[in-house]
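Working notes for the structure below.
The values are calculated or read from the model by the stated rules, or taken from the named source; none is laboratory data. Remember, predicted model here, so these are calculated numbers, not experimental data. Don't worry about glycine lacking a Cβ; one is built from the backbone with ideal geometry, like all the others, and counts go over all protein chains shown.
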Amino acid sequence: GLKSAIRAEKKRQEEDMERQRLQLLATSSKKHKSDESGMVVTSLEGTREQRGDNVMMFPEAVAPNAPLNLNSKDHVQQEHSHAQIGPPGLLALPEPSSDNEGHKLPRKKPKRRLLREPGEDGDDRTREHPFIVTEPGEVARGKKNGLDYLFDLYEQCARFLDEVQQMARERGEKCPTKVTNQVFRHAKLKGASYINKPKMRHYVHCYALHCLDKEKSNFLRKQFKERGENVGAWRQA
């Protein structure tokens, strides 16, 4: 739960930074557009003054070939074409369109957390456990396994640890003194992929009580079996 909260906070900060970056780009684009429009107006005024001087000096050369239609936009386009005569690079930059200006990159929605710990975000759902509470010697029925099967997994881990230690001695390598990732990889190579680190780490203190005080462990198993409690409550006890 802590790691998922850190990832969510990091994702939120990245989205805020991206939003600020887009706002800065939009602001600079609008500023550039206003500056460019001012340059266009200045260029048009200078062109009109130049055309006025040319009319006085060469009236026939500047006169249009055909009469202008004041109801159309031809005269505006002609003046805009004359405006292109200014200094090179004055109108080279294209104006950003209003569609692209208001368009922002789609944001990725943060993935919802599927697994939640009890009490997180106001949710009291308990984590699903692959085992059920059984008494000593009881065979579990259904899809889930009993606690005898769980304790047998730790005994298998001990046997795999002995095999890894023996191979390390033969090779002259450093021998692991406890069940490490090397032991889990060795178990997977042997076909025991059902033995994994999260499962073994989740119930290791339960197996420790089973080894240190077997009578107390069996008493708790019978007590929680009679109550109908799940493995999560038994694990907490």
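Observations
- Within the stretch 153-197, considering residues that are among the hydrophobic types (A, V, I, L, M, F, W, C) and more than 21 Å from Pro130 (Cβ to Cβ), the one nearest to the chain's Cα centre (by Cα): Leu189
The rows are residues; the columns are (1) assigned by TED's automatic domain parsing to the domain that holds Cys206; (2) surrounded by fewer than 16 Cβ atoms within 10 Å (Cβ to Cβ).
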residue	(1), (2)
Gly142	no, yes
Tyr154	yes, no
Leu161	yes, no
Val164	yes, no
Ala168	yes, yes
Gly172	yes, yes
Cys175	yes, yes
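- Scan of the stretch 172-206 for residues that are β-branched (Val, Ile, Thr) and over 13 Å from Phe160 (Cα atoms), ordered by number: Val204
- Restricting attention to the stretch 178-237, the residues that are touching a residue at least 12 places away in the same chain (Cβ under 8 Å), of a type in the set (Gly, Ala, Ser) and either in contact with a helix residue (DSSP H, G or I) (Cβ under 6 Å, 6 or more places away or on another chain) or not in a helix (DSSP H, G or I) (or both) add up to 3.
- Output for the stretch 141-175, where each listed residue is part of a helix (DSSP H, G or I), free of Cβ contacts under 8 Å to residues at least 40 places away in the same chain and within 22 Å of Glu229 (Cα to Cα): Asp148, Tyr149, Asp152
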